[in-house]
1. Please verify whether region 119-133 includes one or more residues that are in a strand (DSSP E or B), at pLDDT 95 or above and not basic (Lys, Arg).
2. May I ask you to list the residues in region 13-54 that are surrounded by 14 or more Cβ atoms within 10 Å (Cβ to Cβ) and among the charged types (D, E, K, R)?
3. What's the total number of residues in region 68-94 that are closer than 25 Å to Glu111 by Cβ and either of a type in the set (A, V, I, L, M, F, W, C) or under 25 Å from the mean Cα position of the chain (by Cα) (or both)?
4. What are the pairs, 6+ residues apart or on separate chains, where a residue within region 248-265 that is under 14 Å from Trp237 (Cβ atoms) has its Cβ under 6 Å from a residue that is open to solvent by 60 Å² or more (accessible area, probe 1.4 Å) and of a type outside the set (Phe, Trp, Tyr)?
5. Restricting the search to region 282-296, which residues are assigned to a loop (DSSP other than H, G, I, E, B) and hydrophobic (A, V, I, L, M, F, W, C)?
6. Determine if region 271-281 includes at least one residue that is in contact (Cβ under 8 Å) with a residue 40 or more places away in the chain, assigned to a loop (DSSP other than H, G, I, E, B) and surrounded by 16 or more Cβ atoms within 10 Å (Cβ to Cβ).
7. Would you say Lys225 is more than 24 Å from Ser23 (Cβ to Cβ), of a type outside the set (Phe, Trp, Tyr) and either open to solvent by 10 Å² or more (accessible area, probe 1.4 Å) or modelled with pLDDT of 90 or more (or both)?
8. Quick check, is Lys251 farther than 20 Å from Ile139 by Cα, exposed (fewer than 15 other Cβ atoms within 10 Å of the Cβ) and either at pLDDT 90 or above or of a type in the set (A, V, I, L, M) (or both)?
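The values are calculated or read from the model by the stated rules, or taken from the named source; none is laboratory data. None of these values were measured; they are calculated from a predicted model. Virtual Cβ from ideal backbone geometry, glycine too; neighbours counted across all protein chains shown. Protein only, heavy atoms only, side chains kept; ligands, DNA and RNA dropped before computing areas. Shrake-Rupley method; radii C 1.70, N 1.55, O 1.52, S 1.80 Å.
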Amino acid sequence: MDKSEVKNELDALFANIYEYRTSRYYRELLNFCKKFKQLAPFNAMMVQIQRPACQFILTAEQWERKYRRKIAPNARPVVILNFTPVSYLYDISDTEKKDDYSLSDYDILEEIKHQYDTKQEIHSLDLNLLIENLAVLGIAYTDSFRAGASYGAQIRLLENPKVIDIPINKNHRVKYKAHYLLSVNETLSNGAKYASILHELGHFLCKHLPPPSGKDWWKVRPLTKNEKEFEAESVAWLICERLNIGNPSEKYLAGYLDSNSTIPQNISIDHIFKAQNEIYKLLFELQYAKDHFLYKTDNDFKELINNSPYIVQSRNNHIHKQLKIDF
C-alpha cells in the first residue's frame with residue numbers, strides 16, 4: 001500500500017469506527033500528537049493509531065546516537081510514512097541500555113518532560129519567515145486588515161491576481177501571480193498574527209476556498225461553516241501546541257469537545273493532518289521551488305520554472321549543484 005492509499009483510507013477508518021469519532025478520542029489524538037514534536041503531525045497521528053501507549057519514539061539509529069540505547073530482541077516497531085516510503089520507529093519500551101553510559105528510561109523521560117514547560121514568544125524573524133513562505137502557496141500578504149475573522153485575519157480568492165516574488169533557490173526569485181490574499185490585523189501582537197496566519201492556512205489547505213477561475217487545483221469541499229471552523233481551529237491548535245506558543249484555538253476546541261459527544265460529521269482527519277504537514281514546511285526555513293505547492297498544483301508555474309534560463313543554464317553546465325532543483 002503506497003502513501004496515497006494510506007491517506008485515502010484514513011477518513012474511512014475514522015468514519016467506520018465510532019470510537020474514533022468521539023470527542024474524547026479526538027482530544028486524546030490531538031494531545032498525543034502535541035507530545036511527539038520530533039515527528040511531523042501526520043506521522044505522529046500514525047503512531048497514535050498503532051501504539052497509543054507510546055511514551056517517546058525514535059529510529060534505531062537515533063536511539064543509539066542520542067541515548068546509547070539498543071533495540072530489544074522482542075521490540076515491535078511502528079511504521080510511519082516518508083520518502084523511502086516507510087520508516088520504522090521504536091518506543092522507549094522497545095529499547096534497552098547499551099552500556100553503563102546509556103541514559104535510563106527515567107532520565108530520558110524527565111529530560112523530555114521539561115523541554116516545553118514555558119510558553120514561548122514568537123520572534124519577528126519567525127513571523128517574517130512564515131509570511132515570506134506564503135509566496136510558495138501563491139498567497140499575497142498584507143497586515144492592513146482591521147475587521148472580520150475570529151483571529152483578526154482572513155484569506156480570500158482575488159478577482160485580479162497580484163504579482164509577487166517567489167524564491168526558486170537561495171539566489172534567484174521569479175515574479176508570478178498570487179491568486180489569494182491573506183490579510184492580518186495590523187494591531188495584533190506577533191504571536192496573535194502568527195496564530196491567525198496558521199488558522200487561515202488551515203482553511204486554505206483543507207480546501208475550503210475555491211480554486212482560481214479556470215484552474216482545476218481542487219474541488220471545494222461542501223462543509224458547513226462550523227465544520228470548516230473546526231478543521232481550521234484543529235490545524236492551528238496543534239501547530240501552536242507543538243511550537244509551545246500561545247493558542248487562541250484552545251477555547252474554541254475545548255468548548256466544542258466538552259459540549260458534544262462526537263466531532264462534526266463531515267470533517268476530514270486526512271485533510272487536517274495533511275494541512276498541518278504542509279504548514280510545518282513553512283515554519284523553519286525558506287521554501288524553494290522543489291517544495292513548491294505551486295509547482296505541484298499550477299501547470300503554468302511549473303512551465304515558468306522549467307523554462308527559466310537561470311535554471312536551464314545551471315542544469316546544463318552542472319554548476320553549483322546546490323542550485324539544481326530536483327522536482
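1. The answer is no; no qualifying residue exists.
2. Those that are surrounded by 14 or more Cβ atoms within 10 Å (Cβ to Cβ) and among the charged types (D, E, K, R): Arg21, Arg27, Lys34, Lys35, Lys37, Arg51.
3. Residues in region 68-94 being closer than 25 Å to Glu111 by Cβ and either of a type in the set (A, V, I, L, M, F, W, C) or under 25 Å from the mean Cα position of the chain (by Cα) (or both): 12 in total.
4. Going by the 6 Å Cβ cut-off, the qualifying pairs are Leu257/Arg27.
5. Leu282, Leu283, Phe284, Leu286
6. no
7. The answer is no for Lys225.
8. Spelling it out, it is not the case that Lys251 is farther than 20 Å from Ile139 by Cα, exposed (fewer than 15 other Cβ atoms within 10 Å of the Cβ) and either at pLDDT 90 or above or of a type in the set (A, V, I, L, M) (or both).
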